[in-house]
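Chemist: Quick one: this structure, given as C-alpha cells, is what I'll be asking you about.
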Amino acid sequence: MNKHVNLIRKIAWSFHRSTGLEWDDLFQEAAVAYYESLESYDESRGKITTHAWNCISNRLKNYLKEQEEYKARKSEEELFSIEDVEMTRHPAEMASDFWESLTEDAKVVANMIIFTPRKYLYSTSQEVENRITRIMQRKRWSKQKIELAILSLKAACQ
C-alpha cells in the first residue's frame, strides 16, 4: 500500500470534495478497495494503478449510493403529518417574521437553499454547512461572513 497510498488519497479526496462525505471514511473504503484490487489484478491486462483506480472508484460510488439510501430512509422516518403541527399563527405571518429576522447575508444563503433544495434535502446539517461554506468561499465571502450568515439562519429557525 505504501507504494500507492497517494493514489488512494487522491481518489478519496476527490470523492470528499465532490460529495462532502467524511474524508476518513472515504479513505478507509478506498484502502479496502485497493487491497481487494490486488487480489483481482491481472498483470497481462494493464497497469496496477489503472486497475486499482477503477476498483476504488467503483467501491466509493457504491459507498456513496449506500449513504444516500441511508439518508433517504432516515429522512422518511423523520417526516410527519401536517396535522401534527400545532398552528397558532397563519403561515404567511410566520414566513414574514422569519425573513425579517434574517440578516441580508443569511437571506442570500436561505435563497440559495430554497432555489436548489435537492442539493440539501438528504444532507446532514454539517454537510449543508460544508457545502454552503465551499460555495460562498468561491464567491469570495470571508469565513466570518459565512459563519455569521449561518448563525443568523440557525437562530431564525429555532
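Chemist: Which residue out of L148, L121 is touching a residue at least 12 places away in the same chain (Cβ under 8 Å), exposed (fewer than 14 other Cβ atoms within 10 Å of the Cβ) and not assigned by TED's automatic domain parsing to the domain that holds E68?
Modeler: Answer to the selection: L121.
Chemist: Does region 101-158 hold any residues that are of a type in the set (S, T, Y) and assigned to a helix (DSSP H, G or I), and which are they?
Modeler: If the condition is that a residue be of a type in the set (S, T, Y) and assigned to a helix (DSSP H, G or I), then S101, S125, T133, S152 are the ones that fit.
Chemist: Taking region 31-62 as the region of interest, how many residues are within 18 Å of the chain's Cα centre (by Cα) and either surrounded by fewer than 15 Cβ atoms within 10 Å (Cβ to Cβ) or among the aliphatic types (A, V, I, L, M) (or both)?
Modeler: Count: 3.
Chemist: While we're here: Within region 56-73, which residues are at pLDDT 90 or above and touching a Leu at 6+ places or on another chain (Cβ under 9 Å)?
Modeler: I56, L60, Y63, L64
Chemist: Also: Counting just the residues of region 104-126 that are touching a helix residue (DSSP H, G or I) at 6+ places or on another chain (Cβ under 9 Å) and among the hydrophobic types (A, V, I, L, M, F, W, C), which one comes out modelled with the lowest pLDDT?
Modeler: L121
Chemist: Cβ-Cβ under 7 Å, sequence separation 6+ or interchain: first residue in region 60-85 and over 24 Å from A33 (Cβ atoms), partner part of a helix (DSSP H, G or I) and at pLDDT below 60. Which pairs?
Modeler: As it stands, the answer is none, since no pair meets every condition given.
Chemist: Of (1) charged (D, E, K, R); (2) within 18 Å of R17 (Cβ to Cβ); (3) at pLDDT below 85, E129 satisfies all except one. Which?
Modeler: (3)
The values are calculated or read from the model by the stated rules, or taken from the named source; none is laboratory data. The structure displayed is predicted, hence computed values, not measured ones. Reconstructed Cβ throughout: ideal geometry from the backbone, glycine too, with neighbour counts over all protein chains shown.
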